[in-house]
C-alpha cells in the first residue's frame, strides 16, 4: 500500500521517515518531490567492466546549467538526504522531466528499508537538454512492509552504499563475488 501525504507526515513525526531538507510544497498527495543536486558524474572510460572498479569524474553544475547529451550515462544525486526505517521507498521520475526525455534511473528505482543517504540517479536523455541544480527531478513513494525485517540496509555488513555523500556514487558491482 502506498503512503498518503498525511501518512508520510505521520511517519516523519515518528522518525521512521527523514527527508532533509523537507519542504511542505514538495509533498504531493502520495509522494515527495526530490531535486537534482549540484553534482553530476560520468565514467572515465567508455567501456565499463562489471568486475572492475570503474572510476568516475565528478563535476559541479554551474548556475547556467549543464547540457546532457544522448548516449552518455550521467550519475546525478538528489539534493535530499533521506532515511527510511520502516517502509520501502521507490524513486520515480517526475512526469515533467520524462516529458523532456529525461530518465533518472535505469533499474534502481527501489530502495531498501533502512536506506539512509542521498539517491544516486542513473540519468539518460533522449535529446540534448540543459538541466539545473535544484530542479525537480523525481518523486519518492513509500510502501508499507508486510512482516518483520531481519536486518535493515544500514546495518548489513555487505551494504555498498552506506557512506553519506552529496555526490553521485559509482557502481560497486565490482565488490560482488561472481
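The values are calculated or read from the model by the stated rules, or taken from the named source; none is laboratory data. It should be emphasised that the depicted structure is a prediction, and the values quoted were computed from it without experimental measurement. Cβ coordinates were reconstructed from backbone atoms using ideal geometry, including for glycine residues, and neighbour counts include every protein chain displayed.
Condition check: in a helix (DSSP H, G or I) and either under 30 Å from residue 150 (Cα atoms) or modelled with pLDDT of 95 or more (or both). Does residue 97 satisfy that? Write out each step before concluding.
Values: in a helix (DSSP H, G or I): yes; either under 30 Å from residue 150 (Cα atoms) or modelled with pLDDT of 95 or more (or both): yes.
Here the answer is yes, as residue 97 does meet what is asked.
Somewhere in region 104-113, is a residue within 15 Å of residue 78 (Cα to Cα), under 14 Å from the mean Cα position of the chain (by Cα) and at pLDDT 95 or above?
Initial filter on region 104-113 (within 15 Å of residue 78 (Cα to Cα)): 104-105, 108-111.
Checking which are under 14 Å from the mean Cα position of the chain (by Cα) leaves us with 104-105, 108-111.
Those still in the list that are at pLDDT 95 or above too: 104.
Yes.
Looking at region 129-178 only, could you name the residues that are in contact with a helix residue (DSSP H, G or I) (Cβ under 9 Å, 6 or more places away or on another chain), part of a loop (DSSP other than H, G, I, E, B) and within 17 Å of residue 34 (Cα to Cα)?
The one that is in contact with a helix residue (DSSP H, G or I) (Cβ under 9 Å, 6 or more places away or on another chain), part of a loop (DSSP other than H, G, I, E, B) and within 17 Å of residue 34 (Cα to Cα): 135.
So residue 124 passes all but one of these: (1) in contact with a strand residue (DSSP E or B) (Cβ under 7 Å, 6 or more places away or on another chain); (2) farther than 16 Å from residue 73 by Cβ. Which condition number does it fail?
With (1) in contact with a strand residue (DSSP E or B) (Cβ under 7 Å, 6 or more places away or on another chain); (2) farther than 16 Å from residue 73 by Cβ applied to residue 124, the lone miss is (2).
Can you tell me which of (1) crowded, with 18+ Cβ neighbours inside 10 Å; (2) touching a helix residue (DSSP H, G or I) at 6+ places or on another chain (Cβ under 6 Å); (3) within 13 Å of residue 141 (Cα to Cα) is the one residue 112 doesn't meet?
(1)
Cβ contacts < 7 Å: first residue under 17 Å from residue 173 (Cβ atoms), restricted to region 27-50; second residue at pLDDT below 95 and surrounded by fewer than 17 Cβ atoms within 10 Å (Cβ to Cβ), any location; separation 6+ or different chain. Result?
That search, which allows pairs on different chains as well, returns 50/173.
Do we have residue 84 as touching a strand residue (DSSP E or B) at 6+ places or on another chain (Cβ under 7 Å) and under 15 Å from residue 122 (Cα atoms) here?
On the way: touching a strand residue (DSSP E or B) at 6+ places or on another chain (Cβ under 7 Å): yes; under 15 Å from residue 122 (Cα atoms): no.
No, not satisfied.
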